[in-house]
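Notes follow once the structure below has been shown.
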Amino acid sequence: MIGNDIVDLKCAQIESNWQRPGFFEKIFTSKEVNFIQDSSNPESIVWLLWSIKESVYKIVSKMEGRRFFAPKKIACEALSLEFLQKSTSIASYKMHSFIISSTLTDDFIHSIARVEPIHNDVYSNLFYAEKQKQSIELRRQSIAAYSSIIKIEPMELSIKKDKTGAPYFLYRNMPQAADLSFSHHGNYAAYAITTPSNYH
Amino acid sequence: MTNSELIEKLKKIIKPYVQDEEAFENLSEETNFVDDLKINSANLVDIILDVEDEFGFEIEDEAMENMISVKGAIDIINQKLESK
């Protein structure tokens, strides 16, 4: 299963005051607060950890068939950062373990989470678009990507949302085993797809 | 406090974070903060902190899980006010 989350940093800076008293206590575990405090750029780590939790939450809400708000239940256990540009992290939720790959730029942070153990490939793209165009573009691009992976005409593919609001592919109205995740925030949108191993 | 008084108080609290004015105008108990009002999920924390400040009680993590819709918020606030 796969989950992704994008944070438009300019938007996040306008919408949230991460230094608000009580903010950390609602979201971060003590280990995560240490990651933030140990960093030369605490604000980046705040949004990195947030996008890690959101990307894992997208998977967890599919697994449990429900939506809820419990950011501390998704705990980042380890974080490895390269020049504040790329990060690999491990997070846990109940008995599950997740591996998350993140990309950081001055403008956005994008995280892609997968459940351990990982077998399959990931197909993902991120783009900049006006808000009104993001949904249509996400659908168009992810269908184009999936159609070239499984060698089926895009016209035979569609996307619906399940009861938790998560998107999934259908081929001629048959739900597909591939897993799909959408995310958008501010001017950025991104999708991630993972397919069962017989589609190399 | 009646539910409609509570909803009015809640509307004042969430208004700064709402990104869909039409959905806000048509708000009902079923309204979901993120899906319907297009509130950024990071602002759910602000809403919870604002509710705590406004009503003077603490919302612990377990109770916080359902603060994702108008109904969820009203239920928690009612529970907390009753046990005050």
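Please get the size of the charge dipole for region A:1-70, origin at its Cα centre, with Cβ charges of +1 on Lys and Arg and -1 on Asp and Glu, quoted in debye to the nearest 20.
The calculation lands at about 280 debye.
For a paramagnetic label modelled at 7 Å from the Cα of B:E82 toward its Cβ, which residues of region B:1-43 fall within the zone defined by backbone nitrogen distances under 20 Å?
B:1-10, B:29-30
Evaluate peptide A:39-47: per residue, the Cβ atoms of other protein chains within 10 Å of its Cβ; return the mean as an integer.
Averaged over the peptide's residues, the number is 0.
Filter the cross-link list A:K86/A:K131; A:K58/A:K163; A:K31/A:K62; A:K131/B:K11; B:K38/B:K71; A:K10/A:K73 down to pairs whose alpha-carbon distance in this structure exceeds 20 Å.
Violating the 20 Å limit, Cα to Cα: A:K86/A:K131; A:K31/A:K62; A:K131/B:K11; A:K10/A:K73.
Test of understanding: given chain A, find the longest segment containing no chymotrypsin sites (Phe, Trp or Tyr not before Pro) that are in a DSSP loop and have at most 14 other Cβ atoms within 10 Å.
Value returned for the longest uninterrupted segment is A:84-198.
What's the FRET efficiency of A:I149 with B:V34 using the Cβ-Cβ distance as r and R₀ = 30 Å, to the nearest 0.05?
Efficiency at R0 = 30 Å is approximately 0.50.
Tell me, B:T2, B:T31, A:T88, A:T194 in order of fewest to most beta-carbon neighbours within 10 Å?
B:T2, A:T88, B:T31, A:T194
Report the charge-dipole magnitude of the protein assembly as shown in Debye, nearest 20, computed about the Cα centre from +1 at each Lys and Arg Cβ and -1 at each Asp and Glu Cβ.
880 debye
What angle do you read, to the nearest 10 degrees and between 0 and 90, between the alpha-carbon axis of helix B:43-55 and the longest principal axis of chain B?
40 degrees
Go through chain B and name the GluC sites (Glu not before Pro) that are in a DSSP coil and have 13 or fewer other Cβ atoms within 10 Å of their Cβ.
Those satisfying the criteria are B:E29, B:E30, B:E58, B:E60.
With charges set only on the Cβ (+1 for Lys and Arg, -1 for Asp and Glu), what does the dipole of region A:79-200 come to about its Cα centre, in debye to the nearest 20?
For this selection, approximately 400 debye.
Just from its helices, what would the mean residue ellipticity at 222 nm be for chain A, if runs of 4 or more DSSP H residues each count -39500 (n - 2.57) and the sum is divided by every residue, rounded to the nearest 500 deg cm²/dmol?
Helix contribution divided over all residues of chain A: -10000 deg cm²/dmol.
Report the one residue of A:Y128, A:F169, A:F83 whose Cα lies farthest in the direction of the positive end of the charge dipole of region A:66-179 (charges on C-beta: Lys and Arg +1, Asp and Glu -1; origin at the Cα centre).
A:F169
Each reported figure results from applying straightforward, stated rules to the coordinates on display, with no laboratory input. Please read all numbers here as calculations on a predicted model, not as lab measurements. Backbone-built Cβ (ideal geometry, glycine too); neighbour counts: all protein chains shown.
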